[in-house]
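Worksheet: the structure to be examined is printed underneath.
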Amino acid sequence: MDITNDCVLRAAQVTDRDDILKLYRLAADSPMTGWDDSYPGDAFIDDDIASGSLFVLMHNNAPVAAITMNGGEGLEQPELWSPARYCVPARLCVRPDLQGRGLGRYMITQMLAWAKEQDFEAVRLLSMPDNAITCRLYESMGFRNVGTIHLYELDFYGFEKLF
């Protein structure tokens, strides 16, 4: 059942901080995220809220999904990517008990619209290689797997979508 009709996507507020941290901790319980008890943590949430880059999908006054939208930095490996002006969504997560209801697709669709409005030419994403659900979702939405990227002492698949 798609619950996005009952949700509101908005910029995260300081008052959302504890609920977002709880959402991240729930997601960290899955080995497919590569997250742990320290990542993403308080500092990331505080910085993302302060910069206006953290967005939450609210349902019944609680965040059920979150994503951070960063400008083009951090994934400069020219041999893999196109030379386009890009943004990097990060820390996409959907509350585990609500996965499979279209929330991830909805968040990515909204993120793509945001990126186009900001005049980006491409969106770059990372996924853990063993996160088959996320990899399939990105590919089904027109993202191209550009290969393996080694960052933060981990291997990721890189995905790119050009506009």
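The values are calculated or read from the model by the stated rules, or taken from the named source; none is laboratory data. Source: prediction; values computed, not measured. No Cβ is skipped: glycine too gets one built from the backbone with ideal geometry, and neighbour counts run over all protein chains shown. We work out accessible area using only protein heavy atoms, side chains counted, and drop any ligands, DNA or RNA first. Shrake-Rupley method; radii C 1.70, N 1.55, O 1.52, S 1.80 Å.
Tabulated results
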read-out	value
Number of the exception - PRO83 against (1) open to solvent by 50 Å² or more (accessible area, probe 1.4 Å); (2) in contact (Cβ under 8 Å) with a residue 24 or more places away in the chain	(2)
Answer from GLN110, GLN118, GLN99 - the residue that is modelled with pLDDT of 90 or more and closer than 21 Å to SER140 by Cβ	GLN110
Tally of residues being open to solvent by 30 Å² or more (accessible area, probe 1.4 Å) and either in contact with a Lys or Arg (Cβ under 9 Å, 6 or more places away or on another chain) or at pLDDT 90 or above (or both) across region 135-163	12
Any strands (runs of 3 or more DSSP E) falling wholly within region 49-163 and containing at least 1 residues that are on the phi > 0 side of the Ramachandran plot and more than 11 Å from the chain's Cα centre (by Cα)	144-151
Breaking point among (1) free of Cβ contacts under 8 Å to residues at least 60 places away in the same chain; (2) of a type in the set (Ser, Thr, Tyr); (3) open to solvent by 20 Å² or more (accessible area, probe 1.4 Å), for SER53	(3)
